[in-house]
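*Asks:* Sharing a structure, written as structure tokens. Questions coming.
The values are calculated or read from the model by the stated rules, or taken from the named source; none is laboratory data. Everything numeric here is computed off the predicted structure, so don't read it as measured data. Cβ coordinates were reconstructed from backbone atoms using ideal geometry, including for glycine residues, and neighbour counts include every protein chain displayed.
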Amino acid sequence: MPELLHLQTMLCEVTEGVATVTLNRPQVLHALNTQVFDELEQVFTLLGRDAGVRAILVTGSGDRAFAAGADINELVLLDGAGGEKKALRGQAVFHLIESCGKPVIALINGFALGGGCELVLACHLRIANENARLGQPEVKLGLLPGYGGTQRLLRLVGPSAALKLILTGAMIDAAEALRIGLVDEVVAAERLIARGQELAHAIAAQAPLAVAACLDAVRRGADQPLATALRFEAELFGRLSSTEDKAEGTKAFLEKRTPVWSGR
């Protein structure tokens, strides 16, 4: 993707319909500073628009960290107005990731703390290696999670488990994260990338319009009354029923062959 040649804080490559975004500031354990957010916005805007991209993997380079949190050198300079602006910026970028229309899978290698954990929460699926450590330690800095952590964590693991992490600032291991539902799978460290690619390719093999609609239905329906969410589900079902991919999928099923998706 030539538009991404000037990235300085991360790497991005696309192979067989699967994009891999790798945070690459190992000297600070991939801490999330202003430039990282700017480049995440650039990358996910482009990947979201690219019809050839069917799934996205997010990880950190090396084996020490996914992302160790916000850049403390920036946080120490914030006043009230600057803090709110920074939180809103982080929330906007993570919302872009969550709503880009492509399934985003976090591959958690090592530390995912603070803003790094919030980035994990903004992804649709989460696979951790057995060495992963996750947490929201902002309270130890006199802050709270500001990039959506208080809300996404609540919705993912429930209020009690969320508050236990947020109020103590504790760091938990991969097994505990799996137990409370913060991650979906735990694999051996050497299997993390391969497992992420397996899952991404399994999703990429499905009808892209249907995948996007599933993401939209779950994301938008989560905060709606059931009746409203069901009405939206029916609307999406109707839209998909008139697509070329639906015609191809049903025909391929009857003919006992693999469908060829056009994304139309």
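*Asks:* Look through the range 142-173, keep the residues that are among the hydrophobic types (A, V, I, L, M, F, W, C) and under 17 Å from the mean Cα position of the chain (by Cα), and return whichever of them is farthest from N131 (Cα to Cα).
*Replies:* So the residue we want is L154.
*Asks:* Take the conditions in the same structural domain as D173 (by TED's automatic domain parsing), surrounded by fewer than 14 Cβ atoms within 10 Å (Cβ to Cβ), on the phi < 0 side of the Ramachandran plot and not in a loop (DSSP other than H, G, I, E, B) and apply them to Q35. Does it pass?
*Replies:* no
*Asks:* Can we say G146 is surrounded by 14 or more Cβ atoms within 10 Å (Cβ to Cβ), of a type in the set (G, A, S), in contact (Cβ under 8 Å) with a residue 40 or more places away in the chain and within 13 Å of C117 (Cβ to Cβ)? Full working, then the answer.
*Replies:* Numbers: surrounded by 14 or more Cβ atoms within 10 Å (Cβ to Cβ): yes; of a type in the set (G, A, S): yes; in contact (Cβ under 8 Å) with a residue 40 or more places away in the chain: yes; within 13 Å of C117 (Cβ to Cβ): yes.
For G146, the condition - surrounded by 14 or more Cβ atoms within 10 Å (Cβ to Cβ), of a type in the set (G, A, S), in contact (Cβ under 8 Å) with a residue 40 or more places away in the chain and within 13 Å of C117 (Cβ to Cβ) - is met.
*Asks:* Further, regarding this structure: Looking only at the range 119-139, which residues are in a helix (DSSP H, G or I) and farther than 21 Å from E39 by Cα?
*Replies:* Those that are in a helix (DSSP H, G or I) and farther than 21 Å from E39 by Cα: P137, E138, V139.
*Asks:* Regarding L88, is this residue among the hydrophobic types (A, V, I, L, M, F, W, C), free of Cβ contacts under 8 Å to residues at least 12 places away in the same chain, farther than 23 Å from V187 by Cα and not in a helix (DSSP H, G or I)?
*Replies:* For L88, the condition - among the hydrophobic types (A, V, I, L, M, F, W, C), free of Cβ contacts under 8 Å to residues at least 12 places away in the same chain, farther than 23 Å from V187 by Cα and not in a helix (DSSP H, G or I) - is not met.
*Asks:* Here's another thing I want to ask about it. Being in the same structural domain as A55 (by TED's automatic domain parsing) and either in contact (Cβ under 8 Å) with a residue 40 or more places away in the chain or surrounded by 12 or more Cβ atoms within 10 Å (Cβ to Cβ) (or both) is true for just one of L192, L215, L240, L230. Which residue is that?
*Replies:* L192
*Asks:* For the range 225-264, how many residues meet the condition of being closer than 10 Å to A207 by Cα and either in contact with a Cys (Cβ under 7 Å, 6 or more places away or on another chain) or of a type in the set (V, I, T) (or both)?
*Replies:* Residues in the range 225-264 being closer than 10 Å to A207 by Cα and either in contact with a Cys (Cβ under 7 Å, 6 or more places away or on another chain) or of a type in the set (V, I, T) (or both): 1 in total.
*Asks:* Is at least one residue of the range 149-159 more than 30 Å from A213 (Cα to Cα) and buried (at least 20 other Cβ atoms within 10 Å of the Cβ)?
*Replies:* Among the residues of the range 149-159, not one is more than 30 Å from A213 (Cα to Cα) and buried (at least 20 other Cβ atoms within 10 Å of the Cβ), which makes the answer no.
*Asks:* Among the candidates K140, K102, which residue alone is among the charged types (D, E, K, R) and either surrounded by fewer than 16 Cβ atoms within 10 Å (Cβ to Cβ) or modelled with pLDDT under 95 (or both)?
*Replies:* Details: K102 fails: either surrounded by fewer than 16 Cβ atoms within 10 Å (Cβ to Cβ) or modelled with pLDDT under 95 (or both).
The conditions single out K140.
*Asks:* Restricting attention to the range 15-30, which residues are farther than 14 Å from N109 by Cα and either among the hydrophobic types (A, V, I, L, M, F, W, C) or not assigned by TED's automatic domain parsing to the domain that holds P103 (or both)?
*Replies:* Within the range 15-30, V18, A19, V28 meet the criteria.
*Asks:* Return the only residue of R179, R133 being touching a strand residue (DSSP E or B) at 6+ places or on another chain (Cβ under 8 Å) and basic (K, R).
*Replies:* Residue meeting the stated conditions: R133.
*Asks:* Still on this structure, I have one more. Which residue is farthest from I105 (Cα to Cα), if the candidates are limited to the range 243-264 and must be assigned to a loop (DSSP other than H, G, I, E, B) and either free of Cβ contacts under 8 Å to residues at least 12 places away in the same chain or assigned by TED's automatic domain parsing to the domain that holds I105 (or both)?
*Replies:* E255
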